[in-house]
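What follows is one structure encoded as structure tokens, with my remarks underneath.
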Amino acid sequence: MTDALGWIAPDAPLLDEQRFGTKASVLSKAARAGLPIPPGFVLPTDMNGVSTADLETAFATLEKRHGQQPDLVSIRASSIGPGSDVVPAVLNIGAAGDGLPRLIDRYGDRMACDLNRRLLHSFGVGVMGIDEEEFEYALYDLMREVGVEAEADLSLDQLSRLAETYHDVIAEMGGAALPSDLIGQTHAALTEMANLWITPRAKLRRQARGFEDDAPLARIVQVMALGLGEAEISGAGIAHLRDPQTGLPGLTGRYLANAQGNEAMMGLRTPRVLTMTEREVRGLSEQSLEECAPDAIAHLLEIGEQIETELGDSYSIDFTLADGEMRILELIPLKRSARAAVQIAVDLAENGAISRSDALMRIGPGLVDEHLHPTIDPSAARDQIGQGLPASPGAGAGKLVFSPDTAEEAAASGERVLLALVETSPEDIRGMHAASGVLTVRGGMTSHAAVVARGLGKPCVVGAKDMSLNRVERTLTAPDGRVFKEGDVVTVDGGEGQVLAGKVPTLEPEITGAFARLMEWADQERRLGIRANADTARDAGTALGFAAQGIGLCRTEHMFFQDQRISAMRQMILAETEEERRAALAKLLPMQRDDFHDLFVRIQGMPVVIRLLDPPLHEFLPHGQAEIDEMAAELAVTPQKIRARALELAEFNPMLGNRGCRIGIAYPEIYQMQLRAVFEAVCHAGQETGEAAKPEIMIPLVSAVREFDLLKSEVEAMAKSVSQDCGVTLDYTIGVMIETPRACLRAGDIAGLADFLSFGTNDLTQMLYGLSRDDAGRFIPNYVARGVFEHDPFHQIDEDGVGEIIRIGIERARERSPDVSIGLCGEHGGDPASVDFCHRAGFDYVSCSPFRVPVARLAAAQAAIRARK
């Protein structure tokens, strides 16, 4: 049986994490590196029980490794991950029965008695599961009775009384007397700790922390590091070698003289800080450990540097001092913010502790998302009033407003506002621009609000269905009944999907320094190109700031929602003849040309995929009676005419209706205007900058090759006409947005005519599943929770269904045209798992919202690294 044990010692083999748990694995690495780790042995996860005979053999081996028979040992739980602390450690095993005389001889009566009562306390909590408070009340009652402020001031007689009280507590809880010898006490503690680990209470605690309730348990038996002795240079503490918020080097922590385990953090006595610097910053009067024991701090700093070099990570260090001699009890991965995680990974790579590839793999793409936006201060209190879907990361606070117009007006006067709507539509974009955050009570992860907010880099929570929004009364009601009126301050946490009352403190992002270096390393690793979805020159500037390699999707319809443009667009829609439509489009031409010109100048010669008009025309018409009356007055028509035209254009299912290329075929003059604007802008921008723009004209919603063939001819004809007018040779390509299942299946035929294919996975997912992305958010969370869907298919590509038809499309396209460029421009382009799929499926690039470009760059690098392994 003892052959199955693992050993923590400088000359012992490293312990496998899966068999011996995370804590034991880390300690074995530290011991092998020569760090001052108390020696010990570990019962693996598959060893449920151990006999006293086996323990005698194990202790004999431990005695040889330790150089002497240990007086005391400790037992700690070790499971996979950081969840083993749901079962407390048992300390000072051996400080009862036969061991007491030996302890008295070595340490004196008082310390031996103190060790005995600490064993009783530890055994009661860590083995029997008695509440810590039972022992704390007994201690406090005695301290009040005898008039002392610290347990260190208790006399020998008083400690003896306290030990008797602890005996009584254990007896009242049904506990038996401790065995008299070290082996018996160890055996009892190991057995009962295993039993405690599988109790319902322990399982629930693991579940609450996000760990498996049936996780296996390994148990560590180590020589006890006392932490008791001469004041100041004997005690226990915890040290952090880096700032948890910034990741920069700096020693902080707490230390308690004459203490063991985690007493420094329990609040029984006031601990010291570790350094003079921290004491001065906090304005404390009591000396720091550095002032009392400078050699200990120097040693701690040396150990910290060695840990990072040898173990390749930054840890919080549980340590003890015994008459100045330091021992490391546990190494816990330092809790760190997103910014700190990046800083630490980069520092470790630059110091040679890990490789650059390792540094890249350590940073979850979600941490990058957090890194780019203001985030809620972890120390801030949260008064949560609602829960929705985390549609766009970051935290934003402002006065509640319930209309885009109000948001614009308030922002113009310098106020920060939070825009709350039932759901958003394209005409709400101006208000979203103005707001510091967006909240909707309906919608999913790819709803209009979510997509636009991610593109703008605005914090956004969608689908907060438990909240009630009344646009007439301008109120937002929380599930607990609290009512928030227009002007009340509310915060949204787009990373967690939470709605919070009041203005909650935030931490600002940091994208230079370590973050910039990490992104450089990612670019060196990745194969996939990363472009951005951008509709304006401002969006393009943001994308370039995040090192996008061009624009993978410019949605031209977003340009039509400015005040003057929407009027001309509506006039065109109301037109009854082609001549009237062309007259209205003539007003839009210079406006759209200017937009493209600004975009081309800003993008500096990189490729720009321009999607021609996609949404159905009715989306540009007003909905409410007040808006209809306003439009009628502006265009000098009757409200009845507007309503009649809206009724004429209305469709039962607009997503599958007269939109995309179907508009271009039904009303060719619309696409002709857009194409002239694009190509004239290319000419003007090239004359201005000396560098020709490279537009990639994309036809949306193609299902049949003939659709593309017809519209390709229109593109070529307009390019030829503008080229002759301007005297400039135009460099452009023509491609298709693949977003229907039929287009995927006929991708070979389409690729025979197209220069590029770009998969629009938002609509492709809708059509393949038969789901509306705007409505599915109401029930998809339940589907995911019940295992119907593994994940939200609008957030992460469904490889089994959507992924399969994409692979079919790519295979057929490349078989027909091996050099055809293939990209992805749906919202999945910013999802790390979807980016990994795109790498494996052979895409050339993905395109995502500007603020997700760094996420995609890192995810593409990680996909390339995984593919090499």
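The values are calculated or read from the model by the stated rules, or taken from the named source; none is laboratory data. Note that the structure is a prediction, hence the values are computed from the model and not measured. Cβ: placed from backbone, ideal geometry, glycine included. Neighbour counts: every protein chain shown. Side chains are part of the model used for accessible areas, which takes the heavy atoms of the whole protein and leaves out ligands, DNA and RNA. Shrake-Rupley method; radii C 1.70, N 1.55, O 1.52, S 1.80 Å.
Residue-level check: of (1) among the aliphatic types (A, V, I, L, M); (2) open to solvent by 80 Å² or more (accessible area, probe 1.4 Å); (3) within 21 Å of the chain's Cα centre (by Cα), Val788 misses just (3). The residue that is modelled with the highest pLDDT, among those in region 213-238 that are of a type outside the set (A, V, I, L, M, F, W, C) and touching a helix residue (DSSP H, G or I) at 6+ places or on another chain (Cβ under 7 Å), is Arg219. The set of residues from region 641-685 being out of contact with any helix residue (DSSP H, G or I) (no Cβ under 8 Å at 6 or more places or on another chain) and at pLDDT below 85 comprises Ala644, Leu647, Glu648, Phe652, Asn653, Gly657.
Annotation note: of Ile797, Ile808, Ile822, Ile780, the sole residue that is in contact (Cβ under 8 Å) with a residue 40 or more places away in the chain, within 17 Å of Ser703 (Cβ to Cβ) and among the hydrophobic types (A, V, I, L, M, F, W, C) is Ile808. Taken over region 224-240, the criterion of being in contact with an Asp or Glu (Cβ under 9 Å, 6 or more places away or on another chain), surrounded by fewer than 21 Cβ atoms within 10 Å (Cβ to Cβ) and aliphatic (A, V, I, L, M) is satisfied by Ile233 alone.
Please specify each residue of region 173-190 satisfying the condition of being surrounded by fewer than 20 Cβ atoms within 10 Å (Cβ to Cβ), modelled with pLDDT of 80 or more and more than 17 Å from Leu62 (Cα to Cα). Answer for region 173-190, where residues must be surrounded by fewer than 20 Cβ atoms within 10 Å (Cβ to Cβ), modelled with pLDDT of 80 or more and more than 17 Å from Leu62 (Cα to Cα): Pro179, Ser180, Ala188. All told, Gly529 meets the bar of being at pLDDT 90 or above, in contact with an Asp or Glu (Cβ under 9 Å, 6 or more places away or on another chain) and surrounded by fewer than 23 Cβ atoms within 10 Å (Cβ to Cβ). For region 624-646, indicate whether the set of residues that are buried (at least 19 other Cβ atoms within 10 Å of the Cβ) and either among the acidic types (Asp, Glu) or closer than 27 Å to Ala534 by Cβ (or both) is non-empty. Among the residues of region 624-646, not one is buried (at least 19 other Cβ atoms within 10 Å of the Cβ) and either among the acidic types (Asp, Glu) or closer than 27 Å to Ala534 by Cβ (or both), which makes the answer no. Every condition in (1) surrounded by 17 or more Cβ atoms within 10 Å (Cβ to Cβ); (2) more than 23 Å from the chain's Cα centre (by Cα); (3) small (Gly, Ala, Ser); (4) under 24 Å from Ala859 (Cβ atoms) holds for Gly748 except the one numbered (4). If the condition is being surrounded by 21 or more Cβ atoms within 10 Å (Cβ to Cβ) and in a loop (DSSP other than H, G, I, E, B), then region 289-336 contributes Ala293, Ser314, Arg336. Selection of first residues in region 545-566 that are farther than 30 Å from Ala516 by Cβ and of second residues that are surrounded by fewer than 19 Cβ atoms within 10 Å (Cβ to Cβ) and among the aromatic types (Phe, Trp, Tyr), restricted to Cβ pairs under 6 Å at least 6 apart or on distinct chains, gives an empty result.
Of all the residues in region 359-383, those that are out of contact with any Asp or Glu (no Cβ under 7 Å at 6 or more places or on another chain) and either loosely packed, with under 15 Cβ neighbours inside 10 Å or part of a loop (DSSP other than H, G, I, E, B) (or both) number 12. On the stretch given as region 143-154, residues that are open to solvent by 50 Å² or more (accessible area, probe 1.4 Å) and on the phi < 0 side of the Ramachandran plot total 5. In the set Ser74, Ser78, Ser51, only one residue is at pLDDT below 95, among the hydroxyl-bearing types (Ser, Thr, Tyr) and under 25 Å from Asp114 (Cα atoms); that residue is Ser74. The single residue among Ser160, Ser180 that is closer than 24 Å to Leu228 by Cα, among the small types (Gly, Ala, Ser) and not in a helix (DSSP H, G or I) turns out to be Ser180. Looking across region 241-278, the residues that are surrounded by fewer than 22 Cβ atoms within 10 Å (Cβ to Cβ), at pLDDT 80 or above and in contact with a Lys or Arg (Cβ under 8 Å, 6 or more places away or on another chain) come down to Pro244, Gln245, Thr246, Leu248, Pro249, Gly250, Arg254. Of all the residues in region 628-677, those that are within 30 Å of Thr765 (Cα to Cα), among the aliphatic types (A, V, I, L, M) and not in a helix (DSSP H, G or I) number 1.
Residue-level analysis places Ala341 outside the set of residues that are within 21 Å of Ala30 (Cβ to Cβ), crowded, with 19+ Cβ neighbours inside 10 Å and among the small types (Gly, Ala, Ser). Residue check: Ile354 meets all listed conditions (1) in a helix (DSSP H, G or I); (2) open to solvent by less than 40 Å² (accessible area, probe 1.4 Å); (3) farther than 30 Å from Glu149 by Cα; (4) in contact with a Leu (Cβ under 7 Å, 6 or more places away or on another chain) but one, namely (1).
When you scan region 466-479, do you find a residue that is of a type in the set (Ser, Thr, Tyr), touching a residue at least 24 places away in the same chain (Cβ under 8 Å) and touching a strand residue (DSSP E or B) at 6+ places or on another chain (Cβ under 8 Å), even just one? Checked against the condition, which is being of a type in the set (Ser, Thr, Tyr), touching a residue at least 24 places away in the same chain (Cβ under 8 Å) and touching a strand residue (DSSP E or B) at 6+ places or on another chain (Cβ under 8 Å), region 466-479 yields at least one hit. Residues considered: Val715, Val678. Of these, the only one that is under 21 Å from Glu557 (Cα atoms), more than 40 Å from the chain's Cα centre (by Cα) and surrounded by 15 or more Cβ atoms within 10 Å (Cβ to Cβ) is Val715. Of the residues that sit in region 112-142 and are out of contact with any strand residue (DSSP E or B) (no Cβ under 7 Å at 6 or more places or on another chain) and hydroxyl-bearing (Ser, Thr, Tyr), which one is most open to solvent (accessible area, probe 1.4 Å)? Out of the qualifying residues, it is Tyr137. Quick one: count up the residues across region 709-761 that are part of a helix (DSSP H, G or I), of a type in the set (S, T, N, Q) and over 17 Å from Ala841 (Cβ atoms). The number of residues fulfilling the criteria is 4.
In region 195-222, the residues that are over 16 Å from Arg19 (Cβ atoms) reach residues that are assigned to a helix (DSSP H, G or I) and of a type in the set (Gly, Ala, Ser) with C-beta atoms within less than 7 angstrom, at least six apart or across chains, in these pairs: Leu196/Ala202.
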